[in-house]
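Worksheet for the structure shown next.
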Amino acid sequence: MQPRGIHHLGVAVDDLDSALSTYQRLFGARLEHRETVPDQGVEAASLRIGSDRVELLAALGDDTPVGKFLANRGPGMHHVAYEVDDVGAAIDELTAEGAELIDESPRRGLFGLEVAFVHPDAVHGVLAEIVSDG
């Protein structure tokens with residue numbers, strides 16, 4: 001798999017509005033998108049900082065994936081997203097390499113992206129997301 005680069009860094013936060021304000025004030029971040037996805041239990045904001053992107057994630061409840069992450073680890077780095085041309089092909093390549101996947105097929109992610117997640121155990125403790133906008 002040959003990613004085009006890092007698409008975004010995902011950061012779990014306790015309070016999305018407060019985190020947005022902090023990133024805007026300290027780093028000049030520009031809000032790109034904001035979306036609530038009840039079936040994923042998350043409210044997220046995509047921020048542009050220069051040419052790069054940070055995705056802030058707030059849990060809609062304690063029993064959601066981000067809610068559980070915050071309960072276990074607290075706020076902080078949640079995942080690294082790698083941009084690829086074809087998520088399905090990337091899944092096939094990762095499977096062939098023996099990587100443990102969370103998603104065995106592409107699914108719709110935040111902001112209309114096609115995504116799949118790679119288990120943190122496969123990537124030395126950091127959740128990895130494979131994303132494509134097409």
**Q.** Criterion: in contact (Cβ under 8 Å) with a residue 24 or more places away in the chain, over 14 Å from the mean Cα position of the chain (by Cα) and closer than 19 Å to residue 130 by Cβ - qualifying residue of 29, 81, 96, 90
**A.** 90
Q) Is it fair to say residue 11 is open to solvent by less than 30 Å² (accessible area, probe 1.4 Å), among the β-branched types (Val, Ile, Thr), out of contact with any Asp or Glu (no Cβ under 9 Å at 6 or more places or on another chain) and not in a loop (DSSP other than H, G, I, E, B)? A) no
Q: Could you pull out every one of the strands (runs of 3 or more DSSP E) wholly within the range 16-134 that has 2 or more residues that are open to solvent by 90 Å² or more (accessible area, probe 1.4 Å) and over 23 Å from residue 1 (Cα atoms)?
A: 30-37
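The values are calculated or read from the model by the stated rules, or taken from the named source; none is laboratory data. This structure is a prediction, so every number in the text was calculated from the model and none was measured. Every residue, glycine as well, gets a Cβ built from its backbone with ideal geometry; the counts of neighbours run over all protein chains shown. In case anyone asks, the SASA skips ligands and DNA or RNA and just uses the protein heavy atoms, side chains included. Shrake-Rupley method; radii C 1.70, N 1.55, O 1.52, S 1.80 Å.
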